[in-house]
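The values are calculated or read from the model by the stated rules, or taken from the named source; none is laboratory data. Because the structure is predicted, anything quoted here is derived from the model rather than measured. Cβ placement follows ideal geometry from the backbone for every residue including glycine, while neighbour counts extend to all protein chains displayed.
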Amino acid sequence: MAGPGRRRSGRARTDSDAQRRRAPRPSEQGLVPVLADIARDVDDAVRRPPTRPAVRTKFQVVALLVREERARLKSDVALTAAKRDQALKRLEGVATLLARIAARDTSLLELLAEDARVSDAARAYKASVMRAGGLEPPEEPEPPAPAAPPPGAEKRVVPQSAISHRLANPFLAPDFEAAAERAAARPRRLAGWELLEPLFRSFEEASPGAPSCMALPEPGSVPVPHGRALMPHQAQVVAATARGHRTFLLADEPGLGKTAQALLAAQAADAYPLLVVAPNVVKTNWAHEVELWTPLRRATVVHGDGDRVDAFADVVIVNYDILNRHVGWLGDLGFRGMVVDEAHFIKNKGSQRSQHVLALSERIRERTARPLLMALTGTPLINDIEDFRAIWQFLGWIDDTKPIGRLMTALEETGLTPADRGFYAAARATVVDMGIVRRRKVDVAADIPARRVADLPVELEGAVGRSVREAEATLQRRLVDRYRSAVAARGDDVVAEGVDLELARRVAAAELKDSSSKAGGENVFTMVRRIGQAKAGLAADYAAQLARNVGKVVFFAKHVDVMDQAEQTFADRGIRYASIRGDQTPKVREKNVAAFTGDPDVSIAVCSLMAAGVGLNLQVASNLVLAELSWTDAEQTQAIDRIHRIGQSEPVTAWRVIAAQTIDVKIAELIDSKSGLAAVALDGAAEEDVSSSTDVQLEALVGLLADGLAEGAA
């Protein structure tokens, strides 16, 4: 760790460098000038992203000392009022500089939180800064034991299905192999060495070309359902699992099929029952993927208090936000595998959700010698290695103080200690071999299409979801009533088997005509708009996750209120965005496009589907989110073509957000079916525009009517 001096000639000063400086003038003595010196160093470094871990440590230490020095000055009765005011004014200048630095890199703000972790390296650096400022650092107290949560602090629930499962399986047999494995991994030669900080530093100081992905076997034959195909890079992870590997930090870029890899790895390891912890926006998609890739396995999704959960299912899916309610019974269910999706959500070990995830992982490892544990994240591996402390602990590689299990055994087998020259390279390779898998799109471009649309089903919950479903039911009842009235008006001499599709189309056409000509009331257009509004927050949440993982993302929506809600979400999270709308002047539009394409700090472009669907080049991104569905494949294709253009160097993925169990699903299916016909029409094989928006609207209503008639006949 560098000392508190400013950078000169491309290196940071050490403490001895600071001692060799010229003697400070009286006005420059004390802690404040030292803090100002370091803050200017940090400011220079942050202007040249990415912000390195050492720079983040400096920022945190200066902020802590500014806070402590302000309190000390205010309570120092020996100071005159004039001297106190002068010192506070100089200290305020340092605080202002820190604020400007945090505005450039908003990720630094998390270091200022009350519960932010202060590493051992940061404590040591803080002591050196205090000594440079003429202060003696206090003795570090022993960390207090974590206080037990007060009674009733958490709203724990036990669903009836979980009670039934416990009664049906009253005894979970212990796995004695697990205890034997822990005993075998006790340190011998490395006992007494501090190992965690050297392990983290081995990633920060890696030499060019150091591997960031474990050696994977050649892809073998993996059984998949009919009509599905596994890409070679996906099959490699499944093959490694089949050979006995059981812990993975799967850090592939988004779009490379991490969900399928995890589910097929669970199948190869027979890691059932399997627990999946995921963000709310993707938990419904996990259930959908279970059905696609492992159709013989049953999935259940935990919503709310779990009233509808099936505790006997093979795969249990729960989101982070409600994990505190369910951690009790989940810990007793006897899982043999656990997947944590978007695993960077647990990087703050002090957070409640991180503690719950780690507690569940520990329960699983206590009962099963070799459970399948997978942490999925698209975040680049070498970002801030401290972010991975909780992930390594989830995987059972480390605990709070040292490496454990197979990682400790592997480190012992290197024959090296942190005092040896080759320890860091060997330690890094050892951790990577524990199961770090990182592939980029460009690395496996031959395996994936140059452009694809990936559907992301989401569940509309709460009052909003109930309102949307009731609106759809109202529209469906009206269509059914119209159809039955038309059948009755024809007379008894006309009998049709099943649904008369010609009549159904006439009923749907009449509904469309009324919807277009009458204001107010529920119709297909207002209902689809309400679905878009209900999806807005979930779609924005997913776009924010993508931006963190892969960089720039384009967010498309049809309606202004959906764009407004998304932009508010990004602003609340400190994510900079550019807005491209139809009511902008050409000058403003050009300025916002330039900000997205040229400013590395602008992560998301929020675009109107109609205004930005043509005439823009946004190929600086390779991922886009379609928050609302178009009525035609052409509109959807035009949006994708804003980034899938000549000069695009990476495969393009369009993430289409679809509200499950609503008409959204039918519209998506119709758009996809029309896309093939539209291609035929463009090739000259058809004479009509088979992908018109009217066709999709009409057939969506026909499908809704047919479903209503089928439900009535059942």
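Could you tell me which numbered condition PRO211 fails, if it satisfies all but one of (1) assigned to a loop (DSSP other than H, G, I, E, B); (2) not assigned by TED's automatic domain parsing to the domain that holds TRP293?
Every listed condition holds for PRO211 apart from (2).
Quick grid of which residues meet (1) of a type in the set (Ser, Thr, Tyr); (2) in the same structural domain as PHE248 (by TED's automatic domain parsing):
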| position | (1), (2) |
| --- | --- |
| ARG439 | no, yes |
| ARG451 | no, no |
| LEU456 | no, no |
| GLU459 | no, no |
| ALA463 | no, no |
| VAL468 | no, no |
| THR474 | yes, no |
| ARG484 | no, no |
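A quick yes/no check of all residues on (1) in the same structural domain as LEU629 (by TED's automatic domain parsing); (2) assigned to a helix (DSSP H, G or I); (3) modelled with pLDDT of 90 or more; (4) surrounded by fewer than 16 Cβ atoms within 10 Å (Cβ to Cβ):
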{"position": "ALA668", "(1), (2), (3), (4)": "yes, yes, no, no"}
{"position": "VAL680", "(1), (2), (3), (4)": "yes, yes, no, yes"}
{"position": "GLU688", "(1), (2), (3), (4)": "yes, no, no, yes"}
{"position": "ASP695", "(1), (2), (3), (4)": "yes, yes, no, no"}
{"position": "GLY703", "(1), (2), (3), (4)": "yes, yes, no, no"}
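Name the single residue that is nearest to the chain's Cα centre (by Cα) among those in segment 384-414 being of a type in the set (Gly, Ala, Ser) and modelled with pLDDT of 90 or more.
Among those that are of a type in the set (Gly, Ala, Ser) and modelled with pLDDT of 90 or more, it is ALA390.
For segment 561-606: of the residues being in contact (Cβ under 8 Å) with a residue 40 or more places away in the chain and assigned to a helix (DSSP H, G or I), which is farthest from ALA539 (Cα to Cα)?
Only one residue tops the list, namely PHE596.
Might you let me know whether segment 240-261 holds any residue that is closer than 23 Å to TRP392 by Cα, surrounded by fewer than 16 Cβ atoms within 10 Å (Cβ to Cβ) and among the basic types (Lys, Arg)?
yes
When you go through (1) more than 21 Å from ASP270 (Cβ to Cβ); (2) surrounded by fewer than 23 Cβ atoms within 10 Å (Cβ to Cβ); (3) touching a Leu at 6+ places or on another chain (Cβ under 9 Å); (4) of a type outside the set (Gly, Ala, Ser) one by one for ASP307, which number turns out not to apply?
(3)
Going through LEU216, LEU263, LEU249 one at a time, which residue ends up being modelled with pLDDT of 90 or more, over 22 Å from GLY405 (Cα atoms) and of a type in the set (A, V, I, L, M)?
Residue meeting the stated conditions: LEU263.
Within segment 322-343, track down each residue that is within 27 Å of HIS245 (Cβ to Cβ) and assigned to a loop (DSSP other than H, G, I, E, B).
Those that are within 27 Å of HIS245 (Cβ to Cβ) and assigned to a loop (DSSP other than H, G, I, E, B): LEU333, GLY334, PHE335, ARG336, ASP341, GLU342.
Among the listed residues GLU194, GLU218, identify the single one that is more than 30 Å from ALA450 (Cβ to Cβ) and in a loop (DSSP other than H, G, I, E, B).
GLU194 is the lone residue from the list that is more than 30 Å from ALA450 (Cβ to Cβ) and in a loop (DSSP other than H, G, I, E, B).
Kindly evaluate LEU360 against the criterion of being assigned to a loop (DSSP other than H, G, I, E, B) and touching a strand residue (DSSP E or B) at 6+ places or on another chain (Cβ under 8 Å).
Answer is no for this residue.
Here is a check on your reading of the model: is LEU256 out of contact with any strand residue (DSSP E or B) (no Cβ under 7 Å at 6 or more places or on another chain), assigned to a loop (DSSP other than H, G, I, E, B), under 21 Å from ASP443 (Cα atoms) and modelled with pLDDT under 90?
It is true that LEU256 is out of contact with any strand residue (DSSP E or B) (no Cβ under 7 Å at 6 or more places or on another chain), assigned to a loop (DSSP other than H, G, I, E, B), under 21 Å from ASP443 (Cα atoms) and modelled with pLDDT under 90.
Pairs under 7 Å by beta carbon, first residue at positive phi and part of a helix (DSSP H, G or I) in segment 392-407, partner surrounded by fewer than 19 Cβ atoms within 10 Å (Cβ to Cβ) and among the charged types (D, E, K, R), six or more apart or different chains?
Close Cβ pairs (under 7 Å, with a partner that is surrounded by fewer than 19 Cβ atoms within 10 Å (Cβ to Cβ) and among the charged types (D, E, K, R)) amount to GLY405/GLU181; GLY405/ARG182.
So is ASP41 touching a strand residue (DSSP E or B) at 6+ places or on another chain (Cβ under 6 Å) and either at pLDDT 85 or above or within 21 Å of ALA132 (Cα to Cα) (or both) or not?
So ASP41 passes the test.
When both residues are 6+ apart or on different chains and their Cβ atoms are under 7 Å apart, which pairs have a first residue that lies in segment 238-267 and is assigned by TED's automatic domain parsing to the domain that holds ARG439 and of a type in the set (Phe, Trp, Tyr), and a second that is surrounded by fewer than 22 Cβ atoms within 10 Å (Cβ to Cβ) and assigned to a helix (DSSP H, G or I)?
Pairs found: none.
Inspect segment 577-590 for any residue being within 30 Å of ALA508 (Cα to Cα) and in the same structural domain as ASP664 (by TED's automatic domain parsing) and give the result as yes or no.
Checking segment 577-590: not a single residue is within 30 Å of ALA508 (Cα to Cα) and in the same structural domain as ASP664 (by TED's automatic domain parsing).
Given the conditions (1) surrounded by 13 or more Cβ atoms within 10 Å (Cβ to Cβ); (2) at pLDDT 85 or above, which single one is not true for ILE163?
Among (1) surrounded by 13 or more Cβ atoms within 10 Å (Cβ to Cβ); (2) at pLDDT 85 or above, the lone unmet condition for ILE163 is (1).
Could you tell me which numbered condition GLY244 fails, if it satisfies all but one of (1) part of a loop (DSSP other than H, G, I, E, B); (2) under 17 Å from the mean Cα position of the chain (by Cα)?
Every condition holds for GLY244 apart from (2).
Residues that are at pLDDT below 95, within 16 Å of VAL158 (Cα to Cα) and of a type in the set (A, V, I, L, M): does segment 332-354 have at least one?
Scanning segment 332-354, I find at least one residue that is at pLDDT below 95, within 16 Å of VAL158 (Cα to Cα) and of a type in the set (A, V, I, L, M), so the answer is yes.
Conditions first: (1) within 33 Å of the chain's Cα centre (by Cα); (2) modelled with pLDDT under 50; (3) closer than 26 Å to GLN86 by Cβ. ALA63 passes all but one, so which condition is the exception?
Single failed check for ALA63: (2).
Within segment 263-304, restricting attention to residues that are among the small types (Gly, Ala, Ser) and assigned to a loop (DSSP other than H, G, I, E, B), which residue is surrounded by the fewest Cβ atoms within 10 Å (Cβ to Cβ)?
This residue is GLY304.
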